Amino acid sequence: MNKRYIFAVYVNGKVCKVYDWFCETDREMKLQACALCAGVRAFKKSAGILVYKLQEDRTFLVCHSVNFNNSWYIHQYAFPLSAVENFQMLPDILNGKVNENKEIINK
């Protein structure tokens, strides 16, 4: 059975792109993450991938990373499935600029 994953591309500690993919196995997910990271790092050496997996309680949790720098701050270790409904806002949610209710956070 396919599992749903969100692959977040980080450059210099900020999410710049997200991908919503389905993978059959954890091995396939890890291969996808490695391939995506290799492609991005060809252009940006400071890039890394953080993978979120959809859980049974309808939330995405961090499950894997590739070349993710320990000094980068993760604003969201988990987020609800409803946050993916407006996929264009997902990078802002993961960067901590917008909360799950689509409200702008002033920092």
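Assorted remarks:
- Listed conditions (1) at pLDDT below 85; (2) of a type outside the set (Phe, Trp, Tyr); (3) in contact with a Cys (Cβ under 8 Å, 6 or more places away or on another chain) are all met by Asn67, apart from (1).
- Inter-residue pairs, beta-carbon under 7 Å, first within 13 Å of Ile6 (Cα to Cα) and in contact (Cβ under 8 Å) with a residue 24 or more places away in the chain and in the range 20-41, second assigned to a helix (DSSP H, G or I) and open to solvent by 30 Å² or more (accessible area, probe 1.4 Å), 6+ apart: Asp20/Phe87
- Listed by position, the strands (runs of 3 or more DSSP E) contained in the range 12-74 that have at least 3 residues being open to solvent by less than 70 Å² (accessible area, probe 1.4 Å) and farther than 17 Å from Pro91 by Cβ are 59-66.
- Number of residues in the range 89-107 that are open to solvent by 40 Å² or more (accessible area, probe 1.4 Å), modelled with pLDDT under 80 and closer than 19 Å to Phe7 by Cα equals 1.
- Search result, residues across the range 84-98 that are polar (S, T, N, Q), under 17 Å from Arg58 (Cβ atoms) and under 11 Å from the mean Cα position of the chain (by Cα): none
The values are calculated or read from the model by the stated rules, or taken from the named source; none is laboratory data. All values reported here derive from a predicted model rather than from experimental measurement. Every residue, glycine among them, receives a Cβ derived from its backbone with ideal geometry; neighbour counts consider all protein chains shown. Side chains included, ligands, DNA and RNA excluded: accessible areas come from the protein's heavy atoms. Shrake-Rupley method; radii C 1.70, N 1.55, O 1.52, S 1.80 Å.
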